[in-house]
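Take a look at the structure set out below.
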Amino acid sequence: MAEEYDLVILGGGTGGYVAAIRASQLGLKTALVEKGKLGGTCLHKGCIPSKALLRSAEVYAQTKNSEEFGVLSSDVSVNFGKVQERKTKIVDQLHKGVQHLMKQGKIDIYEGLGRILGPSIFSPMPGTISVEMNNGEDNAMLVPKNVIVATGSRPRTLPGLEIGGNVMTSDEALAMEEIPKSIIIVGGGVIGIEWASMLSDFGSDVTVIEYADRIIPTEDKEISKEMQRLMKKKGVKIVTSAKVLPETLKQGDVVSISAEVKGEQKEFTAAKVLVSVGRQANVEGIGLENTDIQVEKGYIATNEFFQTKESHIYAIGDVIGGLQLAHVASHEGIVAVEHIAGENPHPIDYDLVSKCIYSAPEAASVGITEDQAKEKGFKVKTGKFSFKAIGKALVFGESDGFVKIVADEETNDILGVHMIGPHVTDMISEAGLAKVLDATPWEVAHTIHPHPSLSEAMGEAALAVDGKAIHG
Ligand SMILES: Cc1cc2nc3c(=O)[nH]c(=O)nc-3n(C[C@H](O)[C@H](O)[C@H](O)COP(=O)(O)OP(=O)(O)OC[C@H]3O[C@@H](n4cnc5c(N)ncnc54)[C@H](O)[C@@H]3O)c2cc1C
């Protein structure tokens, strides 16, 4: 039997389920189709479980160094089973929360694999969704006025580098039962660096192999440099400008793989290899061939309101590429739904999106880097302030890192804010708000920051833009 809806969402990850809640708030009769678990990658294989493991690693590393705080501890060790249990408990709790929100919003959930059909007896337009139910019941037929494709992404691998045995992606790594003695991480981007930091804090011998000439290459150069210094300080070996050669992979009790590093072939050996070279959009097997929807460079192409070439079929989140982040997916979902409901939403300005790295130390940024600003022709002035001169950072025992503000000399606009240090993933929102409100560094500096607080580094960096920092 066919069921009619105002909106059917394909995929119940952060993008899909948030879109469903907004649709329900706007009075749209909504169905959500999910083949796995509500919450998607972020909740089950991404943001939340990885941050739970990072927190355990941080607590372990801090407890080992507790003497510095005058707290004596002995025989500190990790029970990794308990670490994983804690992670699972957090994920389960949030999963229940999402299920509850779906019930509260009276959103119909179809547990199964959804596919878009072309014009059919149900509708002259493409967009009817056929759902192959997980419980083996007959296919459900959903006939919507609008569709949002939010099928997300999966780990990418290097051609020829098979996943299996001791070679993993972040999906398998999250389920590890013990901490590997040693690990090679292929890819020094955000996910690779988070894993490097976590496993090193847990006691693994970590080597990161990165193709670019610096780790986290999309961040400001000074942030990359500081992150590299601080990763090395905790014992992580970092090899840059290195091209991994998949054909050299040898698996046995240990794994070895070679890379071409500045013209020379070098072999690396470890207990495990983690491949973290980006994410691939889930565009296959969802019926796109039954529509005029275009896929460009592996991602679904959309306009600024997330409409595909079929104007009643939208696409959001990791499946459209761009910034593959949970908060971006959910905002795209909200904009798409508001557009469907005729609410006239503002298109997203991606320069206003905060990006975070949850390693120890953390890094966070909003806006453009100093190099990007110069490439765009801005006359740039910068202000930088170190956490070494921030009382609260010293109290915390975490005074590495800095806040850097990139501003336009002519207009005084803040072009980008880049941070590395303690709790900067929470501090970046002040910079985000400053950019949304088009604040100048002067206005940020005159937001009187409480003392002692880590946020003083933001106020001082804003003063430093015009050479007026008080403590620097
Ligand atoms: C290790 C790791 C750490 C991360 N950490 C962060 C972080 O700290 N902060 C952050 O912002 N982002 C983080 N991310 C990225 C974040 O997880 C993604 O950007 C986010 O999940 C994208 O949401 P989405 O809704 O587009 O897709 P997804 O979350 O991937 O959800 C897509 C859903 O669609 C379902 N689906 C796919 N095809 C079908 C189909 N045909 N029928 C039915 N269902 C289907 C899938 O089962 C899945 O549940 C991390 C990712 C990883 C891998």
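The values are calculated or read from the model by the stated rules, or taken from the named source; none is laboratory data. Since we're looking at a predicted model, the values are computed, not measured. Counting neighbours? That spans all protein chains shown, and the Cβs are built from the backbone with ideal geometry, glycine included. The area values use the complete protein model at the heavy-atom level, side chains included, leaving out ligands, DNA and RNA. Shrake-Rupley method; radii C 1.70, N 1.55, O 1.52, S 1.80 Å.
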- Note on the structure: For the chain, any Cys whose C-beta has no other cysteine C-beta under 4.7 angstrom counts as unpaired, and these are C356
- Task: Express the accessible area of segment 361-464 per residue in Å², computed with a 1.4 Å probe while the remaining protein chains stay in the model.
- Result: 42 Å²
- Over the chain, with every protein chain in place, what whole percent of the accessible area is carbon and sulfur at 1.4 Å, could you tell me? 51 percent
- By how many degrees, between 0 and 90 and to the nearest 10, does the Cα long axis of helix 424-436 differ from the longest principal axis of the chain? 70 degrees
- Message: Output wanted: per-residue J couplings in Hz (rounded whole) for segment 343-348, from phi through Karplus 6.51 cos²θ - 1.76 cosθ + 1.60, θ = phi - 60°, x for Gly and Pro.
- Response: 8, 6, x, 7, x, 7
- Note on the structure: Residues meeting the amide H criterion for L415 (H placed from the backbone, H to H distance under 5 Å, 5 or more places apart or on another chain) are V406, A407, D408
- Item | For segment 78-141 and segment 1-52, distance of Cα centres in Å | 7 Å
- Report, in degrees rounded to the nearest 10, the 0 to 90 angle that the Cα long axis of helix 190-202 makes with the longest principal axis of the chain. 60 degrees
- Item | Cα-derived Rg to Rh of segment 157-277, Kirkwood definition | 0.94
- Task: Step through the residues of segment 277-286 one at a time and calculate ³J(HN,Hα) from phi using the Karplus curve (6.51 cos²θ - 1.76 cosθ + 1.60, θ = phi - 60°), rounding each to whole Hz and writing x for Gly and Pro.
- Result: 10, x, 10, 10, 5, 8, 10, 8, x, 10
- How large is the helix-only mean residue ellipticity at 222 nm for the chain, computed as the sum of -39500 (n - 2.57) over DSSP H runs with n ≥ 4, divided by its residue count, in deg cm²/dmol to the nearest 500? -9500 deg cm²/dmol
- segment 316-472 - charge dipole about Cα centre, Lys and Arg +1 at Cβ, Asp and Glu -1, debye rounded to 20: 500 debye
- Which angle between 0 and 90 degrees, to the nearest 10, do you get for helix 47-64 versus the longest principal axis of the chain when only C-alpha atoms count? 20 degrees
- Task: Working from the alpha-carbon coordinates of the chain, get Rg over Rh, Rh being the Kirkwood radius.
- Result: 0.99
